[in-house]
1. How much FRET efficiency would the formula 1/(1 + (r/R0)^6) give for H255 and L117, where r is the Cβ-Cβ distance and R0 is 51 Å, rounded to 0.05?
2. Using only the Cα atoms of region 210-365, what are the Rg and Dmax in Å?
3. Let me check I have the definition right: for region 76-139, take the eigenvalues of the Cα gyration tensor, multiply each by 5, take square roots. What are those semi-axes in whole Å, largest first?
4. Would you please name the GluC sites (Glu not before Pro) within region 210-260 that are DSSP coil residues with at most 14 other C-beta atoms within 10 Å of their C-beta?
5. Compute log10 of I(q)/I(0) for region 93-198 with the Debye formula, placing one identical point scatterer on every Cα and leaving out solvent, at q = 0.13, 0.14, 0.16, 0.20 Å⁻¹, to two decimals.
6. Where Rh is the Kirkwood radius over the Cα pairs of region 1-52, the temperature 25 °C and the viscosity 0.890 mPa s, what D in µm²/s does Stokes-Einstein return?
7. Could you check how much of the accessible area of the chain is carbon and sulfur, as a whole percent, using a 1.4 Å probe?
8. Tell me the trypsin sites (Lys or Arg not before Pro) within region 32-115 that lie in a loop according to DSSP and have at most 10 other beta-carbon atoms within 10 Å.
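The values are calculated or read from the model by the stated rules, or taken from the named source; none is laboratory data. No experiment lies behind these values; they were computed from the predicted model shown. Please note: Cβ atoms are built from the backbone with ideal geometry, for glycine as well, and neighbour counts cover all protein chains shown. These accessible areas exclude ligands, DNA and RNA; they are computed on the full protein's heavy atoms, side chains included. Shrake-Rupley method; radii C 1.70, N 1.55, O 1.52, S 1.80 Å.
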Amino acid sequence: MGIKVGLAGAGSIAFGTAAVLHEAGHDPMLWSPSGDGTAALAKGAELHAHGAVDATLAPRIATDAAQLARDNEVLIIALPGYGHKAVFDALAPHIEPRHQVIISSHASLGAVYLMQLLAARGVTVPITAWGTTICTGRRQSGTEVKVNTVRSRVDLCTVPDDRSAEGLSLCQTLFGDRFQPRDGLLAISLSNLNPQNHMGIALGNITRMERGETWSQGQNVTPKVGRLLEELDLERLAIAKALGLEVKTIFEHFHLSFHVPVASISEMNQKMHEQGNGGVGPATADSRYVTEDVPYGLVLTAALGRLTGQPAKLHEAGIRIFSAMYGRDFEAENEILRALDLHRFSLDDLKRAAKTGVLHQPAKV
């Protein structure tokens, strides 16, 4: 039955991706690092998906990272960025040259961190980084997921870059012809508009989130919130230009993703709301819009801004404002960048790592 694919994660994206794989004739296995997310499935319950994918499946369940690696050819990291380092640490001792790894979606040079762990064991595998997830959705329970969309276009790159054709071929075999190759991990990181967009939306609607209200996201990208998103996008585009990378503008993103005419970002979101595609905003302050996208999205963009001489002042301010509101140091919470000790490396070091996956130790003077 197709390819055996191990999914690290048991949330909405892992459940949704498992359903997409099942529908394509592949054989998914789920691993919940805590064990809680797959408890019902491990006892024999079936997983029910509805929405953009309607499927009932009985995915295999792994008890630990060793089993996930042992029983599968492909490993997909399908949980929020703040869970990536722990999963990389758990999987790395068990990954073999026969494996391929996909990170859905890639966060904060995670592919470089995993490649470093594997290099220490003398193991090299193709690691494919996606700029976003293959699907969106919401986990309804331990046995049910609503799949809102299956994306028609996903940016990707593979490290080391001489195995890019291999990575692209695998993704097409698993999920069909929906992938757009990008030029390395930095392009993937800067192609992800979620951190900047979610920052502006969360700042403008934090009281709605805290009060647990049900609210339309598109409708509440009001003119001033929309203007903030546009200004944040200019910072991202300036960094990409300094790196010689081509990425979509925020206007192109909304136009191509939601088929609305190009106008101001607020007007485009209002049109999305009118068409029923505006989405529902977070109903909790404990949302990935902040807890994932600030430390694992904004922090990397801000770091790249400093390295390229294109300081992302609004991104930097957002990190500080959210840290103040939440009483947390979101910059310090990025475990991957902290482990890589990014400040010790030059921009050229980082550019090479974005292609090879290996961040060489700086020469000692």
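1. Efficiency computed from Cβ-Cβ geometry: 0.80.
2. My reading of the Cα-based Rg and Dmax gives 17.8, 61 Å.
3. Working: eigenvalues 89, 27, 21 Å².
Rounded to whole Å, the semi-axes are 21, 12, 10.
4. E213, E246
5. Those come out to -0.52, -0.59, -0.75, -1.06, one per q.
6. For the chosen part, D equals 218 µm²/s.
7. Answer for the chain: carbon and sulfur cover 50 percent of the accessible area.
8. Values: sites: K43, R60, R70, K85, R98; in loops: K43, R98.
Sparse-neighbourhood loop trypsin sites (Lys or Arg not before Pro): K43, R98.
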